Structure formats: structure tokens, C-alpha cells
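Encoded as C-alpha cells, the structure appears first; notes follow it.
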Amino acid sequence: MRFLAMCTALAAATALTGCSQLAGSAGGTQKVTLWLMKGSASEEFIAKFTSSFEKEHPGVDLEVKIQEWTGIGEKVNAVLAGKSAESADVIEVGNTQVAQYIETGGLSELTLEGLREWGSKDWLKGLSDPASIDGAQYGVPWYAANRVVIYNKDLFANAGIKTPPKNRQEWIQATQKLDKGDRQGIYLPGQNWYVLSGFIWDEGGDLAVETGGEWVGTLDDDKALAGMEFYKQLQALGDGPKNADEETPPQSEVFAGGDVGQIIAPPGQASAIEAANPALKGKLGFFPVPGKTSDKPGAVFTGGSDLIIPERTKHRRQAVDVISALVSETWQTELARTMSYVPNKATLAHVVDGNEGAASMAPGAAQGRATPKSARWAEVEGKNPIKPYMTAVLTGQDPKQAAKTASDTISKVLSSDR
């Protein structure tokens, strides 16, 4: 807001010359640094974007630095606090990480730019909500990815299933048909809490809520318990381990065996499945996680990235220009098609219509959510009381009691002093 006030005053004093022109009035080339995370964009995309941006913004030298996810939190916090030997003008961060950086401080507010320049009213809420607090926006959605159902087309055909299910009842019925003999209707490990989150949201529940300034775990709420009950019903239609997550063993390897009808995973796992079993190439299909009714798909956990601008940047106008380009329809389309992502707006979902996997993500992304926007949620995931809670329910323990134990742990972590 201080910047906006200064910009207004300067513009008035220079006959509305504009802050972007003022920033470069001293002449010479200005280096603007963009941090992107490893794997978020291809080398080809980065090269094309950099060349195009520099051509459209004479005098700007755009430097793109690739960062590793491991240890990125400390690096970003150091930049925001001005305690790093490195600098960055725009930084890509995970959508669920923004709350932590908001609490730490040092982020530039981007509310007005979002409204005036970037069409924030159309942003996917799973990307935008975690990046805002009290109506102020600090992170700008860049791209999304979420889970879908990957299925074996041959097994579906052999079971007489002609079209993918569109609601929970149809999904259960189809999975029951698939779950015969040595075949598994679905491989759903007992501790896939990302999938559980979607079922809980569909029921109107949540993992935790903020009440009177305090965060409280809510897994023992009746609506959240209903989500867990559906998870239990679906999980029973396969042989997924009740005490392990989707990486133990990697579910793509299990599916590659050819005797599993479905898994719930990002569509990008299809490549790993086909690599493990080339005979399945061309035999994989995708559909959105079904909702309670056929009129809309189920809620899903939305992963992806937001873009932030450090308050300490000396090139704020140019940083805004970088974001303006990255979220433009041109480069959103390029990124989505290159990387099989979902664009940052539901209104751009059509750009991935030719990509079956990405297109199956888009309807779910429109219903997508993210984890509670507490700066301490990462600590909850570190302890992760949700996983043993799920195992407890799946192995016959009292759901209400197990949920209360997990909720108490979540409340303690989110509300305790650091």
C-alpha cells in the first residue's frame, strides 16, 4: 500500500507518466530475477518466455534461477527478511506455503493488481485462498494440478462398464463390478489423506477451522466423519494396505501389474505406469473424482504454485510485469499444454481439451480446495495425525474417538506457541 501511495503521487507530479517508466528513467539495463522451482516448467518454456519477455520489455534482463524444493522455505524466508546474499524479484512458491510467508512478513501485497490486471475473480480458489488473509492478496495463482481417477480401460470394458461414473453411487457400483477374483476394484491405501480431504470437503466438513483467532482440528465433526466413512467403503473394494500411504509402495507400480481397476492420482502418474508396463500404453483412461451428485465432480486437494513478490524488491513494477506475462492467456496456455497443468482460471480450462489427463483435472480443479491456511499447517503434516487416524478407523477402532484424538493433536500444533 505504501508503494501504491507513492506511485499515485509520482504519477500526478509527472502528468501520469506511470511508475513503470519512472523505474527505468535512469536508463541502462535492469536485471530482474525470477525464482522457479525445479520441474515446474520445461527448459524450452523458460527459454521461450524469457526471450519473449525481454523483447517486449526493452531494458530488462530477466534472469531465471531454478530452485530445489528441499530447503526452499529457509531460502525464501532469508530473501524476505533481507538476510540472504541472493535476491529475487518474483518467487514461485507452493500454494499451501504462502500462509507461512505471510506470517513471517516481507511479502508485497498484490490485491489491487489482482483486481485490475489479473482477473482475480476468476482464479481457482484452491490456489488463491491460501495466498490471502483478511481480504488482502499476497500470492498470485500460476498453475494447478490435482488428483483424478486413472483407470484400466480393458478392465472397465470386461466388467461391462461403458462410461466412467459421475457420482459416488455409480462409482461404488462400478468398483464393485471390478472387484472380482484376483482383480482389485481400486487400489486405495489406507493413509492417502489428500483423497480423504476431498471426501470431507464434499460433506461440508474440514480438517481444521479458525474460531476466535484459534485453529481447532475438526476431524471429529459429523460431516468430516461422513467423509471418512465413504473413504472406508471405497477402500474396502481393493487390497490397499490400511497402514501405509500411496508411496509405500508406489501405487503406480501396483497399478502397472494390470490387475487393478483404478487408482486416484495426478494424471502424470500415467507415464510411470506405462514405463513400468509398456503393455498398458494406450489403455489408460482418466475421469474426475466423482462427487455426491452428477451435477459437479468431487472436491479435490489442489496442488500447484503461486507467485509472490518480496517487499524488498527494487524492481516492483518490473516484477509485476513478469507476473502479468506469466498469468496471461498466452503463457498460461503454453504452460498448461507443455506441462499438462490446469491453468490458474476456470475460464481457461478449455485450453487443455486436447490432453485427456489434464482435461480430466480441470473440472475437479474448479471445485478444488487447499489445506487450512494456517502458517503452522506444515508442522501438522510433519506430525501427521491424520494418517494413524485413518488406519485406526479402517482397522475397526471407534471413528469418533480416533478422530477426536487426531483433532486434539491438530489443535495443539496449530495453536501452541512456537
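Which one of Gln100, His315, Pro267 is farthest out on the positive end of the charge dipole of the chain, using unit charges on Cβ (Lys, Arg +1; Asp, Glu -1) and the Cα centre as origin?
The Cα lying farthest towards the positive end belongs to Pro267.
Can you tell me the 0 to 90 degree angle between the C-alpha axis of helix 168-178 and the longest principal axis of the chain, rounded to 10?
50
By how many degrees, 0 to 90 and rounded to 10, does the Cα axis of helix 193-202 deviate from the longest principal axis of the chain?
For helix 193-202, the angle is close to 90 degrees.
Cross-link list Lys75/Lys400; Lys65/Lys242; Lys177/Lys242; Lys292/Lys345; Lys242/Lys373; Lys166/Lys283: which exceed 30 angstrom alpha carbon to alpha carbon?
Among Lys75/Lys400; Lys65/Lys242; Lys177/Lys242; Lys292/Lys345; Lys242/Lys373; Lys166/Lys283, the Cα-Cα distance tops 30 Å for Lys75/Lys400; Lys65/Lys242.
Mind ranking 260-267, 383-390 by how tightly packed they are, going by the mean number of other C-beta atoms within 10 angstrom, highest first?
260-267, 383-390
Identify, among Leu155, Leu207, Tyr187, the residue whose Cα sits farthest towards the positive end of the charge dipole of region 143-211, taking +1 on the Cβ of Lys and Arg and -1 on the Cβ of Asp and Glu, with the dipole about the Cα centre.
Farthest along the dipole direction, towards plus: Leu155.
For the chain, what does -39500 (n - 2.57) per DSSP helix run (n ≥ 4), summed and divided by total residues, give at 222 nm, in deg cm²/dmol to the nearest 500?
Result for the chain, helices only: -12000 deg cm²/dmol.
Note down the net charge around Gly82, summing +1 for each Lys or Arg and -1 for each Asp or Glu among other residues with Cβ under 10 Å from its Cβ. Could the numbers behind the result be given before it?
Working: positive: Lys83, Arg312; negative: Glu311.
With Lys, Arg at +1 and Asp, Glu at -1, the net is +1.
So which GluC sites (Glu not before Pro) in region 341-414 end up in coil per DSSP with only 15 or fewer other C-beta atoms within 10 Å?
In loop regions of region 341-414 (DSSP not H, G, I, E or B), there are no sparsely surrounded GluC sites (Glu not before Pro).
Tell me the angle of helix 399-415 to the major Cα principal axis of the chain, expressed in degrees between 0 and 90 and rounded to the nearest ten.
20
Consider just the alpha-carbon atoms of region 68-222 and return their Rg together with their Dmax, both in angstrom.
Calculated on Cα positions, Rg and Dmax stand at 21.1, 62 Å.
What is the set of long-range amide H partners of Ala299 at a cut-off below 5 Å, with H atoms built 1.01 Å from backbone N?
Distant-sequence amide H within range of Ala299: Asp202.
Seen from all sides and averaged, what is the projected area of the convex hull of the Cα atoms in region 191-274, in nm²?
For the Cα atoms of region 191-274, the hull's average projected area reads 6.6 nm².
Express the relative contact order of the chain as a whole percentage, based on alpha carbon pairs under 8 Å and six or more residues apart in sequence.
On the way: 778 pairs, mean separation 100.8, N = 418.
Relative contact order comes out at 24 percent.
For a quick check of your reading of the filter: which trypsin sites (Lys or Arg not before Pro) in region 33-92 sit in a DSSP loop and have no more than 10 other Cβ atoms within 10 Å?
Values: sites: Lys38, Lys48, Lys55, Lys65, Lys75, Lys83; in loops: Lys38, Lys83.
Taking region 33-92 and a limit of 10 other Cβ atoms within 10 Å, the loop trypsin sites (Lys or Arg not before Pro) found are Lys83.
Scan region 197-306 for trypsin sites (Lys or Arg not before Pro) in coil per DSSP, keeping those whose Cβ has at most 13 other Cβ atoms within 10 Å, and list them by number.
Working: sites: Lys223, Lys232, Lys242, Lys281, Lys283, Lys292; in loops: Lys242, Lys281, Lys283, Lys292.
Sites meeting the loop and neighbour criteria: Lys281.
Rounded if a/c is under 1.5, else prolate if a/b is larger than b/c, else oblate: which is region 244-312, with a ≥ b ≥ c the root eigenvalues of its Cα gyration tensor?
Details: a/c = 2.28, a/b = 1.45, b/c = 1.57.
Since a/c reaches 1.5 but b/c is at least a/b, the shape of region 244-312 is classed as oblate.
Give, as a single signed number, the net charge of other residues whose beta carbon lies under 9 Å from the beta carbon of Lys373, with Lys and Arg counted +1 and Asp and Glu -1. Don't skip to the answer; put the middle values down first.
On the way: positive: none; negative: Asp129, Glu210.
Net charge in that neighbourhood comes out at -2.
Calculate the spin-label point distance for Ser271 paired with Glu86, positioning each point 7 Å from the Cα along the beta-carbon direction, and give it in nanometres.
With each label placed 7 Å out from Cα toward Cβ, I get 2.4 nm.
Given axes a ≥ b ≥ c from the Cα gyration tensor, I'd like to know whether the chain is rounded (a/c under 1.5), prolate (a/b larger than b/c) or oblate.
Prolate, since a/c reaches 1.5 and a/b exceeds b/c.
Read the figures in this text as sums done on the coordinates, not as results from a lab. A quick note: this is a predicted structure, and the numbers were derived from the prediction, not measured. Virtual Cβ from ideal backbone geometry, glycine too; neighbours counted across all protein chains shown.
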